[in-house]
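Have a look at the structure below, then the notes.
The values are calculated or read from the model by the stated rules, or taken from the named source; none is laboratory data. What you see is a predicted model, and the numbers here were worked out from it, not measured in a lab. Because the Cβ atoms are built from the backbone with ideal geometry, glycine has one as well, and the counts that use them run over all protein chains shown.
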Amino acid sequence: MKCQVCKTNEAEPNSIVCGDRCNKIRLEINRLSRKYTPTNGCDNCWGDLHQGCAEKCREEFRKSHEFVKELYGLVRELL
């Protein structure tokens, strides 16, 4: 399996990254995505979608996914 971060090297056994450098990058991307994008839905439902706000939660999740995808793309350009 290829490394989730650089996509060029093989990942270490029982891992999704190839080494310490890529693991540090992955952890930083996770930290940034948790800091700047919602991780559990909107402010009303806390992610369990029980208060009729599923569309808003799906939109926030989509934005979060795009943000992380762009971060990984930027990292790959710099590696």
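Odds and ends about this structure:
- Failed criterion for Glu66 (all others in (1) of a type in the set (Asp, Glu); (2) modelled with pLDDT of 75 or more; (3) not in a helix (DSSP H, G or I) hold): (3)
- Every listed requirement among (1) at pLDDT below 70; (2) surrounded by fewer than 16 Cβ atoms within 10 Å (Cβ to Cβ) is met by Cys45 save one, (2).
- Pairs are defined by a Cβ separation below 9 Å, a sequence spacing of at least 6 or placement on different chains, a first member in region 65-79 that is under 15 Å from Lys7 (Cα atoms) and in contact (Cβ under 8 Å) with a residue 40 or more places away in the chain, and a second member that is surrounded by 13 or more Cβ atoms within 10 Å (Cβ to Cβ) and of a type in the set (Gly, Ala, Ser); the pairs so defined are Leu71/Ser33.
- Tally, over region 52-62, of residues that are modelled with pLDDT under 70 and either β-branched (Val, Ile, Thr) or surrounded by fewer than 13 Cβ atoms within 10 Å (Cβ to Cβ) (or both): 1
- Members of region 22-37 that are hydroxyl-bearing (Ser, Thr, Tyr) and either at pLDDT 90 or above or more than 9 Å from the chain's Cα centre (by Cα) (or both): Tyr36, Thr37
- Residue count, region 6-21 (criterion: more than 16 Å from the chain's Cα centre (by Cα), among the charged types (D, E, K, R) and in a loop (DSSP other than H, G, I, E, B)): 1
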